[in-house]
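Since the structure comes first, as structure tokens, the remarks are kept for the end.
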Amino acid sequence: QVRLAESGGGSVQAGGSLGLSCAASGNPYSYNAMGWFRQAPGKEREGIAAIRTASDSPWYADSAKGRFTISQNNARNTVYIQMNTLKPEDTAMYYCAAGLLGDYGLLVQSEYKYWGQGTQVTVSS
């Protein structure tokens, strides 16, 4: 089993930056990718960024390219996302996930087996 714990959420003004962390514990062979997803009230959950742990290869949603950066530690059990130039539309509950992903992209939500509890990010105007 894998347990995920997010940290780093909070409130920030538009244009500011915020970094989130997700620590995984358990069997490291239970996942080959870790990702970040978010869900705002009244909207569907969407993928933001993900990383394939073995190859260190990142994937980004179009909305995240150029603003957000995903990375992992050397032990490949912690994933980070640095979010810059935040906008009010970035306000959402942010979730960390881990799973065994295939070769059809790293933002396939159904392939992520393990999920964190989420951390709130609020961007004010």
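The values are calculated or read from the model by the stated rules, or taken from the named source; none is laboratory data. Here the structure is a predicted model, which is why all the values come from computation and not from measurement. Please note: Cβ atoms are built from the backbone with ideal geometry, for glycine as well, and neighbour counts cover all protein chains shown. Areas reflect the complete protein model, heavy atoms only, side chains present, ligands, DNA and RNA absent. Shrake-Rupley method; radii C 1.70, N 1.55, O 1.52, S 1.80 Å.
With respect to Ala23, determine if the residue is aliphatic (A, V, I, L, M) and either closer than 18 Å to Thr122 by Cα or at pLDDT below 95 (or both). No; evaluated as a whole, the condition is false for this residue. Considering region 1-41, the qualifying strands (runs of 3 or more DSSP E), each wholly inside and each with 2 or more residues that are among the hydrophobic types (A, V, I, L, M, F, W, C) and closer than 18 Å to Ile51 by Cα, run over 2-7, 18-26, 33-39. Pairs meeting the criteria (first residue in region 74-97 and acidic (Asp, Glu), second residue at pLDDT 95 or above, beta carbons under 6 Å, at least 6 apart or on different chains) are Asp90/Val123. Among the residues making up region 66-99, those that are open to solvent by 40 Å² or more (accessible area, probe 1.4 Å), within 21 Å of Ser124 (Cα to Cα) and either touching a His at 6+ places or on another chain (Cβ under 9 Å) or not hydroxyl-bearing (Ser, Thr, Tyr) (or both) are Gly66, Gln82, Asn84, Lys87, Pro88, Glu89, Met93.
Residues of region 100-117 that are open to solvent by 30 Å² or more (accessible area, probe 1.4 Å), assigned to a strand (DSSP E or B) and over 17 Å from Glu44 (Cβ atoms): Lys113 alone. Return yes or no: is Gln120 under 23 Å from Ser17 (Cα atoms) and surrounded by fewer than 16 Cβ atoms within 10 Å (Cβ to Cβ)? Yes. Considering region 52-65, the residues that are in a strand (DSSP E or B) and out of contact with any Leu (no Cβ under 7 Å at 6 or more places or on another chain) include one that is least open to solvent (accessible area, probe 1.4 Å), namely Ser57.
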